[in-house]
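Here the structure comes first, spelled out in structure tokens, and everything after it is commentary.
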Amino acid sequence: MKAADLFVQALEAEGVEYIFGIPGEENLDLLESLRHSSIKLVLTRHEQGAGFMAATYGRLTGKVGVCLSTLGPGATNLVTPAAYAQLGAMPMLMITGQKPIKTSKQGRFQVVDVVDMMRPITKYTTQIVSGERIPSVIREAFRLAAEERPGAAHIEIPEDIARESTTAPLLKQSQSRRPVAEEKAVERAKTMIEQASAPLLLIGAGANRKLTAKMLRRFVDHTGIPFVTTQMGKGVLNESDPLFVGNTALSDGDFVHKAIERADLIINVGHDVVEKPPFFMHQNGKQVIHINFEPAAVDPVYFPQLEVVGDIANSVWQINERITPQGHWKRDLYKDVHDAYVEHRQESDRDDRFPVLPERLVSEVRAVMPEHGVVALDNGIYKIWFARNYPAYAPNTLLLDNALASMGAGLPSAMAAKLVNPDEPVMAVCGDGGFMMNSQEIETAVRLKLDLVVLILRDDAYGMIKWKQAHMEFDNFGLDYGNPDFVTYAQSYGAKGHRVTATEELGPLMRQCIAEPGVHIIDCPVDYSENDRKLNLDIRRLSEQL
């Protein structure tokens with residue numbers, strides 16, 4: 001059997017559904033084997049878009065997303081998606097080609113050490129040096145990419161290895177279960193929670209797993225303990241719940257931080273060190289229980305008093321089975337925080353000024369998206385407003401990246417989300433800067449006949465950095481640019497272009513685009529001029545009154 005055929009058969013045995021990418025001449029044997037495979041090749045317009053799609057597929061399904069590139073520049077274009085998957089705990093495998101390693105007529109042309117290049121940003125990276133090793137290398141790559149904590153893996157297959165003959169058999173997947181937490185740790189957690197006077201549940205990125213969400217729902221229903229979320233913990237529990245106190249979108253000074261200050265025990269489920277600290281610990285301060293797949297990464301602002309290490313869903317289940325809700329818990333301690341947060345959010349929802357203010361835009365998007373509709377964010381200042389003001393009702397319905405926080409990921413992520421959720425509305429929300437970094441993937445979306453809405457927030461500048469620049473009292477400099485006519489730009493790809501000219505048009509236009517098949521691009525001017533005052537001054541002043 002040709003090694004490339006065995007490689008594809010090994011991918012099929014792992015349940016691979018899609019491969020996203022751009023083949024090169026070093027991948028042609030593999031491409032020919034894929035032609036006869038059940039695996040669907042999604043040809044993209046840039047390797048970065050392919051990598052973001054593979055990572056998001058992994059995030060949404062829990063299965064390893066796969067992307068493909070050639071050697072040299074194709075492989076280097078996967079570096080950002082590799083870091084995106086690795087920091088964001090998304091299971092992904094990158095396959096790259098390489099010149100023949102036995103004999104080559106082209107010397108070092110296009111050759112860089114891709115394996116070593118990928119080493120700092122993957123869980124596993126290797127070159128296949130023999131067809132006989134293909135089954136074991138692929139099995140190991142999938143195992144490591146998917147096991148907690150998930151991340152990126154990379155396999156390089158040289159051109160001459162891909163075309164050689166091999167008789168190696170496929171390997172069967174091994175069955176494994178995650179370790180469960182020690183009983184003494186679980187019992188100690190139960191005691192600490194029962195003895196606390198004002199416990200508070202904090203849900204982080206590591207809790208964003210289907211079974212964990214189910215167990216946390218049971219825990220909150222049983223105990224009535226209020227909860228807050230990090231940006232990547234949004235949607236694990238329904239945020240329309242009256243026990244939801246807020247999201248730690250801002251580092252400090254928001255209403256949610258008043259709740260954290262009042263708690264004497266933080267039950268921190270799924271804390272991930274790639275997210276900025278959701279609160280700052282102090283010596284002799286509140287108690288913290290760390291519940292995660294891995295031990296805590298201790299630093300000056302995070303040093304929990306108890307670690308419950310093991311499968312998170314099982315740990316929460318064990319604690320919930322043991323715990324007795326306590327009459328002395330001060331649940332009402334957080335009610336004014338919840339009420340102030342909701343009131344402030346609703347006040348800003350009604351602002352009719354144009355260009356659209358970000359708070360009003362978030363409200364309009366929430367109003368048109370159904371409970372399980374997916375919003376995929378790119379990266380920009382609007383991400384803070386969505387994290388703070390967009391109640392997520394179900395896991396992975398607001399896709400944002402607060403790990404690598406890469407621009408250019410919003411559109412490819414939305415495309416992957418639509419492939420995974422074909423029956424749900426999917427919307428990409430992108431700043432004009434982030435959209436233009438991978439806007440060529442509109443052609444891919446049109447070619448795939450996806451039903452997709454892309455909302456471009458146009459301020460003709462890098463708005464997030466402008467916000468920081470203003471907060472540091474620097475003059476406006478170096479962050480403004482021009483844009484194409486996005487309506488005409490969309491039409492040139494075969495998509496449908498729309499332009500918002502008044503705030504009241506936004507909601508009806510989004511509803512129309514969601515209802516009509518095809519790829520819709522909406523050019524929506526936004527006004528970020530009040531971000532510095534609102535995010536850095538007004539919210540802080542109002543929260544201090546609580």
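No lab work stands behind these numbers, since they all come straight from the coordinates. Predicted model, so just to flag it, every value in this text is computed and none were measured. Note that we place each Cβ from the backbone using ideal geometry, even for glycine, and neighbour counts take in every protein chain shown.
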Item to check | Residues with amide H under 5 Å from that of LEU78, placed H, sequence gap 5 or more | outcome: none
Item to check | Residues with amide H under 5 Å from that of LEU68, placed H, sequence gap 5 or more | outcome: PHE20, GLY21, ILE22, ILE95
Checklist outcome for this item: Taking the dipole of the chain about the Cα centre (Lys, Arg +1; Asp, Glu -1; charges at Cβ), the one of GLY327, ALA259, VAL526 that reaches farthest to the positive side is GLY327
Item to check | Mean separation of Cα contacts under 8 Å, 6 or more apart, over the residue count of segment 183-335: relative contact order % | outcome: 31 percent
Item to check | Spatial separation of Cα centroids for segment 194-238 and segment 341-398, in angstrom | outcome: 21 Å
Checklist outcome for this item: With ARG45 itself left out, Lys, Arg at +1 and Asp, Glu at -1 over residues whose Cβ is under 9 Å from its Cβ give -2
Checklist entry - How far, in degrees from 0 to 90, does helix 79-88 lean away from the longest principal axis of the Cα atoms of the chain, to the nearest 10? => result 40 degrees
Item to check | Rounded Å value of the spacing that divides the Cα centres of segment 15-93 and segment 118-163 | outcome: 13 Å
Checklist outcome for this item: Given pairs LYS214/LYS383; LYS383/LYS466; LYS184/LYS330; LYS40/LYS449; LYS234/LYS286; LYS383/LYS468 and cut-off 18 Å on Cα-Cα distance, the over-length ones are LYS214/LYS383; LYS184/LYS330; LYS234/LYS286
Checklist entry - Per-residue HN-Hα couplings for segment 231-242, Karplus 6.51 cos²θ - 1.76 cosθ + 1.60 at θ = phi - 60°, whole Hz, x for Gly and Pro? => result 4, 8, x, 5, x, 4, 10, 4, 8, 8, 4, x
Item to check | Neighbour net charge for CYS430 - beta-carbon separation under 13 angstrom, K R +1, D E -1 | outcome: -4
Checklist outcome for this item: Placing each pseudo-label 7 Å from Cα in the direction of the beta carbon, ARG149 and GLN110 end up separated by a distance in nanometres of 3.5 nm
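Tell me, which longest segment in the chain has none of the chymotrypsin sites (Phe, Trp or Tyr not before Pro) that fall in DSSP loops with at most 16 further Cβ atoms within 10 Å?
On the way: sites that count: PHE109, PHE280, PHE474, PHE477, TYR481.
Answer - 281-473.
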Checklist entry - What's the Kirkwood radius of segment 183-335 in Å, using all Cα pairs? => result 15.1 Å
Checklist outcome for this item: With x for Gly and Pro, the residue-by-residue ³J(HN,Hα) of segment 526-534, computed from phi through the Karplus equation 6.51 cos²θ - 1.76 cosθ + 1.60 at θ = phi - 60° and given in whole Hz, is 10, 10, 9, 5, 9, 4, 4, 5, 6
Checklist outcome for this item: For the pair MET1 and GLN440, the simple spin-label estimate (label points 7 Å beyond Cα toward Cβ) gives in nm 3.6 nm
Next on the checklist: Sort 518-524, 171-177, 96-102 by packing, meaning the average of other beta carbons within 10 Å per residue, with the highest value first.
Outcome noted: 518-524, 96-102, 171-177
Checklist outcome for this item: For the chain, averaging the sequence separation of alpha carbon pairs under 8 Å that lie six or more residues apart and dividing by its residue count, the contact order in percent is 13 percent
Checklist entry - Running Debye on the chain with equal point scatterers at the Cα sites and no solvent, what base-10 log of I(q)/I(0) appears at q = 0.08, 0.09, 0.10 Å⁻¹? => result -0.55, -0.70, -0.85
Next on the checklist: Going by amide H atoms built from the backbone, whose H comes under 5 Å of the H on GLU156, apart from near neighbours?
Outcome noted: THR96, THR126, GLN127, ILE128
Checklist entry - How big is the charge dipole of segment 3-163 about its Cα centre, in debye rounded to the nearest 20, if each Lys and Arg gets +1 on its Cβ and each Asp and Glu gets -1 on its Cβ? => result 260 debye
Checklist entry - Using the Cβ atoms and a cut-off under 13 Å, what net charge is assigned to the surroundings of LEU479, where Lys and Arg are +1 and Asp and Glu are -1? => result -3
Next on the checklist: Helix 506-515 against the longest principal axis of the chain: what's the angle in degrees, Cα atoms only, rounded to the nearest 10?
Outcome noted: 40 degrees
Checklist entry - By how many degrees, between 0 and 90 and to the nearest 10, does the Cα long axis of helix 312-322 differ from the longest principal axis of the chain? => result 40 degrees
Checklist outcome for this item: Computed, not fitted: 222 nm per-residue ellipticity of the chain from DSSP H runs ≥ 4 (each -39500 (n - 2.57)), nearest 500, equal to -11000 deg cm²/dmol
Checklist outcome for this item: Residue by residue through segment 248-259, the couplings from Karplus 6.51 cos²θ - 1.76 cosθ + 1.60 with θ = phi - 60°, in Hz, x for Gly and Pro, are 7, 5, 8, 5, 6, x, 9, 4, 4, 6, 5, 5
Item to check | DSSP beta bridges in the chain [antiparallel fraction, %, rounded to 5] | outcome: 5 percent
Item to check | Exposure rule at most 12 other beta-carbon atoms within 10 Å, DSSP loop GluC sites (Glu not before Pro): the chain longest free segment | outcome: 1-370
